[in-house]
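Working notes for the structure below.
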Amino acid sequence: MKRYAALLALTLSLVALARADDIQFTTLPQVVQTTVVRETHIPDATLVTRVVRENGGIYAVTVRQNDATRVVYVNEAGAIVDSPTSTVTTTTTTEPAEQEVITYDQVKQNLPRYELIEKKGNKEVYLDHQTGQKVKVKRED
């Protein structure tokens, strides 16, 4: 029984240590509290589940809303800011390149690189696995 009590005490202390960086919502500056309440439309602080101070003086406030959680990032002045660890995703759209024309000898010399996709008469289209592009071959036998 003493082992179980010691194990329970150790577990609880580790949980407390793991959450040592958490801050009580009510200890935040009033301007930060007001911004979080206004932004998330929560009726009171009981829906705030976690507050962590991130680098640069930004507070990450986790709020429970409608069976989900939301994290709001607020600086010390009470302004909503982007996540300090957020990433920007850039999508580049390019037009399909003109199909490259190569010789049948080039295909034969590097067979693992090219995969036949389409054949019509003496014209063939291969997928170049190295570039991901389609290439045309006109066979002249």
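Structure above, values below:
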quantity	calculated
Candidate lysines - alpha carbon under 19 Å from residue 119, same-chain residues fewer than 8 apart omitted	108, 134, 136, 138
Isotropically averaged projected area of the range 17-84, using the convex hull of Cα atoms (one quarter of hull area), nm²	4.6
Inter-label distance, nm, simple model (7 Å from Cα along the C-beta direction), residue 117/residue 105	2.5
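Read-outs: derived from the displayed coordinates by stated rules, not from any lab. All values reported here derive from a predicted model rather than from experimental measurement. Counting neighbours? That spans all protein chains shown, and the Cβs are built from the backbone with ideal geometry, glycine included.
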